[in-house]
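Asker: Structure incoming, see below.
Computed from the coordinates by the stated procedures, all read-outs in this text should not be read as laboratory data. Everything numeric in this text was worked out from a predicted model, so none of it was measured. So basically every Cβ, Gly included, is an ideal-geometry build from the backbone, and we count neighbours across all protein chains shown.
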Amino acid sequence: MPSYSQTAEAYAALTTQVVETINAERGVNLQWTVIEEDGVLKVSIDGYLITPDSRGGPPSYRTIFDEVDEYVAFWREPAPRSFLPRDRDAILQELSTLTKRRLLWQEKADLIGSDVVRTTFLDWRLSVYLVSHRTGRPPPEFRDSRLLYQWWSYGGHLPRLALSWPTGSVGLANMDDDEEDIVDHVAAVLRDEVSEEIHALWPTCPLDRSHQLLADVALWRCPQDQRVQIPVGRLGIDLAAS
Ligand SMILES: [Zn+2]
């Protein structure tokens, strides 16, 4: 049974209106069906499943439209050849948010970078920066709210944050800005990368160098002895056990 009060037919009728509008506005030709999965009605576009956020009620034209439109504008390959004012607004909004978030991520990355420099021979500097989703190219640039190059040459993707170190880089998950989660996430990436680079475990436990510390709520912890709790960013400075 669909969990929404509306029938699959009514849902399909709404989706038809949405897809026809988007096909016309964006010059695409979306193929779609409505399917039911685990009792929930979903739109399948080229096999990509969209579950409109119903916020408690049956999905409206607007909720279906927003989900499908975002998919077509920013996630579907290839990017549409149209660039609409609402795309510009969405990108500017995302750039503004990410520009602020980047500073927080960089601050936390610097903590882990200082641990690396202090406890290994690596002179690594970590950098958090903005890239285009998937393409890895620089994010779109605007001048007076006008995109500086053609939309489809950019690839039609939203920007996101990425982390780089001298031997590699990784896209950062679209996480909430919980500061301890950020520290733990970056620490987990660097634990593997540094270990590989120095051909040894990093960071090792000060009590027993045969095993690695794990970052948990922004503390380097020993998996065997809970007295070992060193704040990330204080490795090689603070005493191991308290
Ligand atoms: Zn230990």
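Asker: Return the distance in nm (one decimal) between the two label points of a simple spin-label model at Q226 and L49, each offset 7 Å from Cα along Cα→Cβ.
Answerer: 3.9 nm
Asker: Where does the chain land at 222 nm, in deg cm²/dmol rounded to the nearest 500, when only DSSP H runs of n ≥ 4 count, each adding -39500 (n - 2.57), divided by all residues? Let's see the in-between values first.
Answerer: Details: 5 runs with 88 residues, N = 242.
Theoretical 222 nm ellipticity from helices: -12500 deg cm²/dmol.
Asker: Any idea what the relative contact order of the chain is, in percent, if you count C-alpha pairs under 8 Å spaced at least 6 apart? Don't skip to the answer; put the middle values down first.
Answerer: Details: 328 pairs, mean separation 32.9, N = 242.
About 14 percent, as a whole number.
Asker: Taking 35 Å as R0, compute the FRET efficiency from the Cβ-Cβ separation of A12 and E141 and round it to 0.05. All intermediate terms of the calculation are to be shown ahead of the outcome.
Answerer: Details: r = 41 Å, r/R0 = 1.16.
So, using R0 = 35 Å, E works out to roughly 0.30.
Asker: Give me, ordered by chain and number, the residues 5 or more places off V228 or on other chains with an amide H under 5 Å from its own placed amide H.
Answerer: Answer set, sorted by chain and number: C222.
Asker: Moving on. Which distance in nm do the two modelled labels at N23 and I198 give, with both placed 7 Å along the Cα-to-Cβ direction?
Answerer: Inter-label distance under the simple model: 6.0 nm.
Asker: Using only alpha carbon pairs under 8 Å that are at least six residues apart, calculate the relative contact order of the stretch 85-199 and give it in whole percent. List each step's numbers first, then the result.
Answerer: Working: 116 pairs, mean separation 31.1, N = 115.
Taking the mean separation of contacting Cα pairs over the length of the stretch 85-199, I get 27 percent.
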